[in-house]
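The values are calculated or read from the model by the stated rules, or taken from the named source; none is laboratory data. Just so it is clear, the structure is predicted and the values come from calculations on it, not from any experiment. Ideal geometry is used to build each Cβ from the backbone, glycine not excepted, and the neighbour counts take in all protein chains shown. Heavy atoms of the whole protein, side chains included, go into the accessibility calculation; ligands, DNA and RNA do not. Shrake-Rupley method; radii C 1.70, N 1.55, O 1.52, S 1.80 Å.
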Amino acid sequence: MERGNSTGVMEFVLLGLSQTREIQLFLFVLFLVFYSMILPANILIIITIQGDSHLGSPMYFFPANLAFLNICYCSVTPPKMLADFFSHHKNISYGGCMAQIFFIHFLGAAEVFLLMGMAFDRYVAICHPLRYASIMSREVCCALVGAAWAVGFTHSILQVVLIIRLPFCGPNELDNFFCDITQVIKLACTDVYVLEFFMFFNSGLSIMMCFLLLLISYGALLVRLRAGDPSKGTSKAASTCVIHVIIVFIMFSPAIYIYCRPFRSFPLDKVVYMFHTVVFPLMNPIIYTLRNKEIISAMKRLLGRHRLCQRKWKEVKIKKCRIWNYFREFI
């Protein structure tokens, strides 16, 4: 363990997901294959929504931002996790650890409030359909997304400011593959009972309140749709709400398990952390897209134009080669 002159611990040791070499190699291949397939799919979702004029409504604007947030979120911890599979010394500097904590909670909280913005969008579309275009203007959507980023930053900076003031002078091992407040705070050389209570309120209680609020709002919307006249539009709106509820459950369930309990270690912690930081964030936009025919059709059009451009480019290259060969024979 390295020590500074007055700052104490200068780095933390990450024990990782497993100490067995065979399991590490298997997990590396598994996550690499997963990222090679799912990460480009999320990028394709963003390019498709931004590049297709038919997908300019808030219904598609928010999922594009959700995909971007999830890509950023999955760029915080997995790259180092994959690199650590081939490293015997899985260390992370004190500054890198604090940066991980900041960005995990910054992007995670921003995603929570973005989901609340998506719930507000569905409320306006279902309860005030005639005023939907005027209420959910482009400016309002951008303001909601900006507010989500601002709230995420405020939530995260409060925690980091309190953590960096703690003295770390004892053990520096974290039984995880990244840094998070639930484990880092236990290494402090001081009484952290009051700070744990604040962290529980700032993270755990906030997550639970947002989760319940989203479930109540979507439940009320589904009841309203069921009581209304059955039609194709109503069925589509209900299907969209159900997809949003699925995403809410997938995102909030691991977060509630991690932060809505005392900061102690449990057997399933690493598994839940893995799904919470690596798997589920990239799967959320995919789940939304698979049930949306408009986005799938737009993707097909985009890929079709790409293939057409490739075919034309090949034809141009062939013609250039023929012309060049002709001049060579002439010379």
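Below are the figures for this structure:
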read-out: Some residue of the range 252-264 being at pLDDT 85 or above and farther than 19 Å from Ser203 by Cβ; value: no
read-out: Residue tally, condition touching a strand residue (DSSP E or B) at 6+ places or on another chain (Cβ under 7 Å) and polar (S, T, N, Q), over the range 61-116; value: 2
read-out: Any pair with Cβ under 9 angstrom, 6 or more apart, that starts in the range 7-21 at a residue that is at negative phi and at pLDDT 80 or above and ends at one that is of a type in the set (Phe, Trp, Tyr) and in a loop (DSSP other than H, G, I, E, B); value: Leu14/Phe177; Leu14/Phe178; Leu15/Phe177; Leu17/Phe85; Leu17/Phe177
read-out: Members of the range 58-67 found to be farther than 13 Å from Pro281 by Cβ and touching a residue at least 24 places away in the same chain (Cβ under 8 Å), listed by number; value: Pro58, Met59, Tyr60, Phe61, Phe62, Pro63, Asn65
read-out: Single match in Ser87, Ser134 (criterion: surrounded by fewer than 21 Cβ atoms within 10 Å (Cβ to Cβ), more than 30 Å from Arg226 (Cα to Cα) and more than 23 Å from the chain's Cα centre (by Cα)); value: Ser87
read-out: Check on Leu25, touching a residue at least 60 places away in the same chain (Cβ under 8 Å) and open to solvent by 70 Å² or more (accessible area, probe 1.4 Å); value: yes
read-out: Matching residues, the range 137-157, being within 16 Å of Phe62 (Cβ to Cβ) and surrounded by 17 or more Cβ atoms within 10 Å (Cβ to Cβ); value: Cys141, Leu144, Val145, Ala148, Trp149, Val151, Gly152
read-out: Helices (runs of 4 or more DSSP H) enclosed by the range 171-248 - at least 3 residues per element that are open to solvent by 30 Å² or more (accessible area, probe 1.4 Å); value: 193-199, 206-227
read-out: Residue check, Leu303 over 30 Å from Cys127 (Cβ atoms) and either modelled with pLDDT of 80 or more or touching a helix residue (DSSP H, G or I) at 6+ places or on another chain (Cβ under 8 Å) (or both); value: no
